[in-house]
Amino acid sequence: MFNKFVEPRWLLLTLALLAALLFLPLVAPLFYIYIISVIFVTALLAMSLNLVLGYGGIYQFHHAVFYGVGAYTAALLITQLSLPAWISFPAGPLVAALTGLLIGAFCVRLTKLYFGMLQIALGSLIWIIVYRWYDVTGGDNGIHDIPLPEFLTSIHGAYYFVLIIAAVCVALMYLIIKSPFGATLQAIRDNPQRCEAIGINVQHHQLIAIVIAAFFGGVAGVMFVTVERSVFPGLLFWVLSLEIFVMCLLGGWFTFAGPILGAAIVVALRTVASRYTDYWTTVLGIMLILLIFFLPEGVMGWARERFKPRASAADKRGRELDAAR
Amino acid sequence: MDPSAVASLLLVGLARAMILFIVAAGLTFVLGVLRVPNIAHGSLYMIGAFTAFTIAEVLGKNPAGFWIALVVAPLVVAAVGLIIERGLLSHLYQREHLMLILFTFGIMLILNDMVKFVWGADYRSVTPPEILDGSFTLGDFAIPRYSIFLLILGPLVALGLWLLSNKTRLGKISRAAAVDREMVGVLGINVSWVFAAAFVIGCLLAGLGGALVAPTTSISLGMDHTIIIECFLIVTIGGLGNTWGALIGALLFGVSQSLGLLFLPQYAIVFPYAIVVIVLLLRPRGLLRSVW
Amino acid sequence: MLRVENVGKAFDDFMAVNGARLTVERGALVAVIGPNGAGKTTLFNLITGLYKPDRGKIIFEDKEIGGLAPYEICRRGIARAFQIANIFPRLSVFENVQVAVLARQRKSHNLFQPAQNLARDETDAILDNTGLFPQARRVAGALSHGDQRILEIAIALGSEPRLLILDEPTAGMSPEETAKTMNLVQQLARARGITILFCEHDMDIVFSFAQSIMVMRHGETILQGTPDEVRQNHQVQEAYLGGADA
């Protein structure tokens, strides 16, 4: 990443993976295609959170709000106002970003735990309104059988649509992380005080990061509508925010692809384990605790640590500095 | 508007606020000392409620059943908390802050499944003892006895917590530990045990809240989700770690909800959330000073 | 260039800085000395905007800067290296400096251009000047303590300051590292035309490098003068140097 923008072997691997995913529907059964679409949506959501969490060091405790707002915006524009998809779909991320701007503007005045708690409070207001406003949002029933354009109604159609959008979003996020803004954001994560001292307006950068993350969270919300054709208040419930948090941790939050892996693990686990037991969340809980004890840098972070010992020394120093503050 | 209706709604709100206060006080106490918002706190509260149900069930018609449950259920929850703290959490204090928070989320996932496993997904209820059942009448105004009981108990718990943190050695040490851990460590005090004590006291209060709520509502899976989010909001508007803040927050929350019933019954539940947000927009760090 | 006039700052009841005065001429190397707790670091925090002064004036290049946010003060031309290595541990050495250069060029909002191609020459030049170039690719958190302190200075240089404030630049260094660091500072100051304000415990360093010395005690300025003036001042000898030959 120092000399070349993308290392050739990673580029090759990504292209190979993308090609494999493009051809997958020709061979795989429909159920798997559906599950993989869900993984795409969830992975996009987790990555959007990691933009502010892993790269920004921001205690974004209620990211699901932006996901839910994106999903509900698209769903309501289609069902209540009968607007076509090409207006309703882009509106989702835009309204989510606007929500991010509003919530973020209040939160960035605070740091760490205060930030997180304030965000939970602000996000919960939106959740409870959605949960109660039966006339418009359908309350706790949500909205089902949302009419979508013809080409999205098949599982294959939705799969390809979600795959392409998610791939574009991931590429955009990669660009952002490698941009001067991304570098500055990581510097803020490592040491906000030092950033102020070199002329960076920390709160301003954090706010922009939150808006960007909210935007991509909103995209994920619209993708959810594409795959499931329904919305419900659980999409902006606080427990979901924690689940995405866990996905980032699971995959490794100091790595770019970590959240994708984390999302895949959680979705796969939910699908497989819930077939055998009613208690799949216990499995998730035990995994989470084992992870905290033994692999605090996540799966990808662990892999990187094994193969690049220098990076781990830096992370250790980073943790020490974090603890000292 | 009928004044007696307003008065009785107010009473309901105040009674509800007392339970919210007891649970939130536990949350804020742990938060103040350990700096960890215990996400599993709601689950511990739920375990308290279900345990109270089982005890009352086992003792059947025995009139003392409720009182025994009121004492034993919090102890059971405290024991669960002690096991979690000594067995797992205490090994993580050196870790990053976010890890501790996520750890409590993992505990919440496991505890909720345990409740599902032990008690199932049915709705349960507990009948209050005869002395607390029914209501007094004052003119044409009915006062539920159980509400009066809660209104007496809430301030007693507040007083008890105040005495604990201001008049006992443990309380003083834990307040100091909230502000400056190193200093307490240097003084030769075993900080780890202070944390354990604080965590257990938090669990005790969660269990007490659960046992107290049992006769007022149906007990079911998912009751943890509502209480934990409500307690988080109460703790936030009160000022993180501030017990008196939790009391004010709980009163605001409980009363605004019941008064909301008066104006917009369908949206009553939205009222407290809106109040919380308004308060936080004006004072983002909460009404009272956070302990650290 | 910089004038601090009768500045005061209290924390609760404790007067950390109480009537500090300081003048820094362009191109000079100025030291602040004083016993522990004299308020040196607090004074630096006031100048760089970490704290707001309760009273007094801080004037930089004829403009009042007291109470501005740290990032605004940095943009006016004051950079600071901290007492503890205050770096970005998870970024590479190159990125540590580059972030500062990008911030000065006001490019830190740029979202879609690859950062690696921006500000390269300037960053490389700073790394070269400070001797960190061979380690440019290493992750900063993995550097030795001495190198982290030098990186700390390199980050400050990335802001292209006209005034550079160094808070005990050699604390915790070996004598060789100390000499190396101070020579580096002097050389950088000359080559880049930077004015330097620093505080230091080591009196040998202070008296051999500084052109002007300000002495603080109990948050108050006792005097500011040339090394000779300071050495001969009785008040300073009694209050700080303890009468011993310094």
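Data overview
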{"quantity": "Top-ranked residue in segment A:122-177 [being under 18 Å from the mean Cα position of the chain (by Cα), open to solvent by 20 Å² or more (accessible area, probe 1.4 Å) and of a type in the set (A, V, I, L, M); ranked as farthest from A:Leu81 (Cα to Cα)]", "calculated": "A:Leu175"}
{"quantity": "Residues located in segment C:1-58, provided they are without any contact (Cβ under 8 Å) to a residue 24 or more places away in the chain and crowded, with 17+ Cβ neighbours inside 10 Å", "calculated": "C:Asn45, C:Leu50"}
{"quantity": "Condition met for B:Thr243 (of a type outside the set (Lys, Arg), out of contact with any strand residue (DSSP E or B) (no Cβ under 9 Å at 6 or more places or on another chain), more than 12 Å from chain A (Cβ to nearest Cβ) and open to solvent by 50 Å² or more (accessible area, probe 1.4 Å))", "calculated": "no"}
{"quantity": "All positions within segment B:253-286 that are over 19 Å from the mean Cα position of the chain (by Cα), more than 7 Å from chain A (Cβ to nearest Cβ) and not in a helix (DSSP H, G or I)", "calculated": "B:Leu264, B:Ala268, B:Arg283"}
{"quantity": "All positions within segment C:134-153 that are under 22 Å from the mean Cα position of the chain (by Cα) and either surrounded by fewer than 18 Cβ atoms within 10 Å (Cβ to Cβ) or in contact (Cβ under 8 Å) with a residue 60 or more places away in the chain (or both)", "calculated": "C:Ser144, C:His145, C:Gln148, C:Arg149, C:Leu151, C:Glu152, C:Ile153"}
{"quantity": "Residue in segment A:14-44 that is surrounded by the most Cβ atoms within 10 Å (Cβ to Cβ), counting only those that are closer than 10 Å to A:Tyr159 by Cα and of a type in the set (Phe, Trp, Tyr)", "calculated": "A:Phe40"}
{"quantity": "Extreme residue, nearest to the other protein chains (Cβ to nearest Cβ), among residues of segment B:230-239 that are of a type in the set (Val, Ile, Thr) and either open to solvent by 10 Å² or more (accessible area, probe 1.4 Å) or under 13 Å from the mean Cα position of the chain (by Cα) (or both)", "calculated": "B:Val235"}
{"quantity": "Subset of segment B:114-171 [over 30 Å from B:Val194 (Cβ atoms), in a helix (DSSP H, G or I) and open to solvent by 40 Å² or more (accessible area, probe 1.4 Å)]", "calculated": "B:Lys116, B:Phe117, B:Val118, B:Trp119, B:Glu130, B:Ile131, B:Arg145, B:Ile148, B:Leu151, B:Ile152"}
{"quantity": "Subset of segment B:85-123 that is more than 8 Å from every other protein chain (Cβ to nearest Cβ) and among the aromatic types (Phe, Trp, Tyr) - its residue that is farthest from B:Val191 (Cα to Cα)", "calculated": "B:Tyr123"}
{"quantity": "Of all residues in segment C:154-196 being at positive phi and more than 11 Å from chain A (Cβ to nearest Cβ), the one that is most open to solvent (accessible area, probe 1.4 Å)", "calculated": "C:Gly172"}
{"quantity": "Selected residue (only one of B:Leu204, B:Leu287, B:Leu212 is open to solvent by 20 Å² or more (accessible area, probe 1.4 Å) and either small (Gly, Ala, Ser) or at pLDDT 90 or above (or both))", "calculated": "B:Leu204"}
{"quantity": "Residue that is surrounded by the fewest Cβ atoms within 10 Å (Cβ to Cβ) [pool: residues in segment A:223-251 that are within 13 Å of the chain's Cα centre (by Cα) and β-branched (Val, Ile, Thr)]", "calculated": "A:Val246"}
{"quantity": "Qualifying residue in segment C:188-211 (condition: in a strand (DSSP E or B), at pLDDT 80 or above and either farther than 21 Å from C:Asn18 by Cα or touching a His at 6+ places or on another chain (Cβ under 8 Å) (or both))", "calculated": "yes"}
{"quantity": "Qualifying position, being in a helix (DSSP H, G or I) and either farther than 24 Å from C:Ala115 by Cα or within 14 Å of chain C (Cβ to nearest Cβ) (or both), among A:Ser37, A:Ser48, A:Ser82", "calculated": "A:Ser37"}
{"quantity": "Filter pass, C:His234 being under 15 Å from the mean Cα position of the chain (by Cα), more than 25 Å from C:Val101 (Cβ to Cβ) and open to solvent by 50 Å² or more (accessible area, probe 1.4 Å)", "calculated": "no"}
{"quantity": "Residue among C:Arg80, C:Arg75 that is in contact with a Gly (Cβ under 7 Å, 6 or more places away or on another chain), crowded, with 18+ Cβ neighbours inside 10 Å and facing chain A (nearest Cβ under 7 Å)", "calculated": "C:Arg75"}
{"quantity": "Matching entry among C:Thr181, C:Thr170 (being in a helix (DSSP H, G or I), touching a residue at least 24 places away in the same chain (Cβ under 8 Å) and in the same structural domain as C:Leu46 (by TED's automatic domain parsing))", "calculated": "C:Thr181"}
{"quantity": "All positions within segment B:132-146 that are under 17 Å from B:Trp67 (Cβ atoms) and of a type in the set (A, V, I, L, M, F, W, C)", "calculated": "B:Leu132"}
{"quantity": "Qualifying residue in segment C:106-117 (condition: under 20 Å from the mean Cα position of the chain (by Cα), outside the structural domain of C:Cys199 (by TED's automatic domain parsing) and at negative phi)", "calculated": "no"}
{"quantity": "Candidates C:Leu111, C:Leu91, filtered to the one that is within 21 Å of A:Leu172 (Cβ to Cβ) and either facing chain A (nearest Cβ under 8 Å) or surrounded by 19 or more Cβ atoms within 10 Å (Cβ to Cβ) (or both)", "calculated": "C:Leu111"}
{"quantity": "Residue among A:Tyr59, A:Tyr67 that is open to solvent by 10 Å² or more (accessible area, probe 1.4 Å), of a type in the set (Phe, Trp, Tyr), within 16 Å of the chain's Cα centre (by Cα) and at pLDDT 95 or above", "calculated": "A:Tyr67"}
{"quantity": "Total residues in segment B:215-229, condition open to solvent by 10 Å² or more (accessible area, probe 1.4 Å) and either part of a helix (DSSP H, G or I) or at negative phi (or both)", "calculated": "9"}
{"quantity": "Criterion violated by B:Gly81 - all others in (1) under 28 Å from A:Arg270 (Cα atoms); (2) within 14 Å of chain A (Cβ to nearest Cβ); (3) in contact (Cβ under 8 Å) with a residue 24 or more places away in the chain satisfied", "calculated": "(2)"}
{"quantity": "Number of the condition not met by A:Cys248 [criteria: (1) within 14 Å of chain B (Cβ to nearest Cβ); (2) out of contact with any Pro (no Cβ under 8 Å at 6 or more places or on another chain); (3) part of a helix (DSSP H, G or I)]", "calculated": "(2)"}
{"quantity": "Selected residue (criterion: nearest to A:Tyr59 (Cα to Cα)) from residues of segment A:181-192 that are open to solvent by 10 Å² or more (accessible area, probe 1.4 Å) and at the interface with chain C (Cβ under 7 Å from one of its Cβ atoms)", "calculated": "A:Gln186"}
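The values are calculated or read from the model by the stated rules, or taken from the named source; none is laboratory data. The structure presented is a predicted model; accordingly, all values stated were derived computationally and were not measured. Quick reminder, even Gly has a Cβ in these numbers, built from the backbone with ideal geometry, and neighbours come from all protein chains shown. Protein only, heavy atoms only, side chains kept; ligands, DNA and RNA dropped before computing areas. Shrake-Rupley method; radii C 1.70, N 1.55, O 1.52, S 1.80 Å.
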